[in-house]
Amino acid sequence: MSQTMTEGTRTGAADATSAAASRRRWWILAIVGIAQLMVVLDATIVNIALPSAQADLGFSDGNRQWIVTAYSLAFASLLLLGGRIADLFGRKPAFLIGVAGFAAASVLGGASTSFGMLVTARALQGVFGALLAPAALSLLNTTFTDAKERAKAFSVYGAIAGAGGAVGLLLGGVLTDALDWRWTLFVNLVFAVVAFAGGWVLLSNHRDAANSKLDLPGTLLVSTGLFSLVYGFSNAETHHWSSPATWGFLIAGGILLTAFAWWQTRAKHPLLPMRVLLDRNRAASFVTVLITGAGMFGVFLFLTYYLQLNLGFSPTKTGVAFLPMMAALMVMAQVSTTILVPRIGPKAVIPAGFAVAVVGMAWLTGIGVGSSFSTAVLPQLLLIGAGLGVVMPPAMSLATSGIAPEDAGVASATVNTMQQVGGSIGTALLNTLAASAATNYLSGKDATSKLVQAQATIESYTTAFWWSAGFFAAGAVIALLLYRRGKLEQDPEAAPVVHM
């Protein structure tokens with residue numbers, strides 16, 4: 001009887017410990033989600049505030065793009081380095097330094113007195129974001145290893161990653177209208193304080209790749225390659241595709257990234273081990289995230305223009321207009337990761353999500369000069385949000401599923417890199433195609449007529465929407481070909497160790 005009581009006491013203590021650990025995991029998800037939201041929304045929150053910042057600091061239209069480009073260049077080119085630093089030196093210090101540095105850079109940006117100061121602050125945000133984002137995702141990956149809990153956690157994380165751009169538009173509009181453009185940067189302090197305090201208390205440090213060394217040649221090759229690639233696509237917006245500043249950097253980026261891939265097969269301690277890329281589902285997920293990043297800009301960027309310039313929405317009302325899309329995305333994120341993918345498998349679910357997004361984007365091309373938001377935009381946004389909710393969260397989960405703990409940081413960085421590079425490619429291509437469509441429409445018409453000018457902008461928007469639909473259609477085909485058949489089976493022996 002005494003032995004039975006002892007065993008019962010042990011069982012009760014074990015259950016209590018397990019329950020405490022489970023609660024702690026969900027608190028970790030909360031702080032990781034807050035940190036990720038801070039990084040993601042900063043890609044768009046400043047966009048709405050740009051006209052106010054430009055009027056205040058007095059910089060030219062030609063220089064305006066650098067407020068956005070400085071962030072994306074630093075962020076994209078340093079992501080893999082940031083992910084490997086988290087693996088080598090620990091995810092907790094990487095997370096905390098990333099949060100603190102991002103907050104400090106935000107304060108610097110909000111206090112800017114000149115164009116140069118603001119651009120420097122945005123670049124520093126990108127540097128610390130490149131450390132923070134992969135650390136946050138790898139913390140999620142190593143914390144949630146149970147299949148059901150992991151599905152729920154990644155549905156939340158994927159919804160934040162997918163809807164963060166729209167949240168940025170909403171928050172940027174509210175802060176710019178109610179306060180001042182500087183608060184689109186100062187607001188990061190609120191997120192940072194909560195994330196830093198939670199991370200300090202909840203996280204413990206583990207150096208899963210402590211026996212490895214930093215691959216300096218690989219770091220140099222991939223950082224300069226990604227910089228050249230993103231810079232080349234950024235130049236396509238302000239220069240022509242025939243400009244050496246565009247194709248020269250794109251070719252240089254391609255050569256450097258090819259050299260990086262070759263070096264990774266020979267390096268003793270590779271920055272991005274080939275085992276991270278060679279899993280079929282993981283590779284399919286990386287491509288899915290890349291294509292989704294490219295296509296989503298057709299929604300956020302050009303629909304923002306349409307709502308404000310054609311329908312006369314204020315910045316705040318524009319942000320509110322994206323809320324239904326965000327709601328649909330978050331609902332379908334839960335459904336796809338917790339029900340559909342576990343029961344059916346990604347090969348059927350993710351292409352279906354892309355197909356729904358294609359229908360929504362194609363339907364959105366029906367907008368006109370005098371269209372109503374409730375009939376020409378809202379139903380389409382709901383469809384697009386639902387489709388992306390089926391695609392993004394499962395893809396992000398599968399991209400890091402089953403990864404060894406020592407590779408969690410760099411695998412997470414690869415996900416973020418794909419999303420960032422996809423966004424850069426999408427922005428450059430869609431801007432160029434939209435501008436060409438407007439020019440072609442004006443050819444032979446009275447360009448001084450306001451009605452003709454308005455219709456030309458509609459042509460540019462619908463062209464971008466058709467191309468975004470094409471991106472999603474290509475994503476559906478690629479996902480159908482690459483993902484493995486059948487339901488996902490979790491191998492308990494291959495699951496990474498939980499570090500909290």
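The values are calculated or read from the model by the stated rules, or taken from the named source; none is laboratory data. Everything numeric here is computed off the predicted structure, so don't read it as measured data. Every residue, glycine as well, gets a Cβ built from its backbone with ideal geometry; the counts of neighbours run over all protein chains shown. Protein only, heavy atoms only, side chains kept; ligands, DNA and RNA dropped before computing areas. Shrake-Rupley method; radii C 1.70, N 1.55, O 1.52, S 1.80 Å.
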Going through the range 218-239 in order, the residues found to be open to solvent by 70 Å² or more (accessible area, probe 1.4 Å), touching a helix residue (DSSP H, G or I) at 6+ places or on another chain (Cβ under 8 Å) and at pLDDT 75 or above are 227
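Here is a list: 318, 338. Which entry is open to solvent by less than 20 Å² (accessible area, probe 1.4 Å) and β-branched (Val, Ile, Thr)? Explain how you work it out, then say what you get.
Numbers: 338 fails: open to solvent by less than 20 Å² (accessible area, probe 1.4 Å).
Residue meeting the stated conditions: 318.
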Here the residues within the range 408-445 that are more than 14 Å from the chain's Cα centre (by Cα) and buried (at least 24 other Cβ atoms within 10 Å of the Cβ) are 408, 409, 410, 411, 430
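With the structure loaded, tell me whether residue 348 is open to solvent by less than 50 Å² (accessible area, probe 1.4 Å) and either farther than 28 Å from residue 133 by Cβ or of a type in the set (Gly, Ala, Ser) (or both) or whether it fails that test.
no
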In the range 446-465, anything open to solvent by 20 Å² or more (accessible area, probe 1.4 Å) and either touching a Phe, Trp or Tyr at 6+ places or on another chain (Cβ under 8 Å) or part of a helix (DSSP H, G or I) (or both) is listed as 450, 451, 452, 453, 454, 455, 457, 459, 463
From the option list 70, 86, 74, 103, single residue qualifying as open to solvent by less than 20 Å² (accessible area, probe 1.4 Å), closer than 10 Å to residue 129 by Cβ and among the hydrophobic types (A, V, I, L, M, F, W, C) is 74
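Here is a yes/no grid of residues against (1) under 19 Å from residue 366 (Cβ atoms); (2) open to solvent by 40 Å² or more (accessible area, probe 1.4 Å):
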position	(1), (2)
279	no, yes
285	no, no
290	no, yes
306	yes, no
311	yes, yes
Could you say whether any residue in the range 195-217 is open to solvent by 10 Å² or more (accessible area, probe 1.4 Å), modelled with pLDDT of 75 or more, under 29 Å from residue 427 (Cα atoms) and touching a helix residue (DSSP H, G or I) at 6+ places or on another chain (Cβ under 7 Å)? no
Filter result for residue 291 (assigned to a helix (DSSP H, G or I) and in contact with a Phe, Trp or Tyr (Cβ under 6 Å, 6 or more places away or on another chain)): yes
Among residues of the range 258-277 being among the polar types (S, T, N, Q) and assigned to a helix (DSSP H, G or I), the residue surrounded by the most Cβ atoms within 10 Å (Cβ to Cβ) is 264
